């Protein structure tokens, strides 16, 4: 459960770094219970944004 809380904090903190659709997709995945998949997606989005 603690991981879920940390994910929501990370998602909200990085909201400005992603498109509206990316945010909605990750939020939807987390709400439906796929927090690990949403976390992986968030890491992928941030990695692409940083040019890596």
Quiz item: Going through the stretch 12-24 one residue at a time, which ones are loosely packed, with under 15 Cβ neighbours inside 10 Å and more than 17 Å from residue 51 (Cα to Cα)?
Solution: 12, 13, 15, 20, 21, 24
Quiz item: In the stretch 1-18, which residues are touching a helix residue (DSSP H, G or I) at 6+ places or on another chain (Cβ under 9 Å) and not in a helix (DSSP H, G or I)?
Solution: 14, 18
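Values in this text are rule-based calculations from the coordinates and carry no lab data. What you see is a predicted model, and the numbers here were worked out from it, not measured in a lab. As a convention, Cβ positions derive from the backbone with ideal geometry for all residues, glycine included, and neighbour counts pool all protein chains shown.
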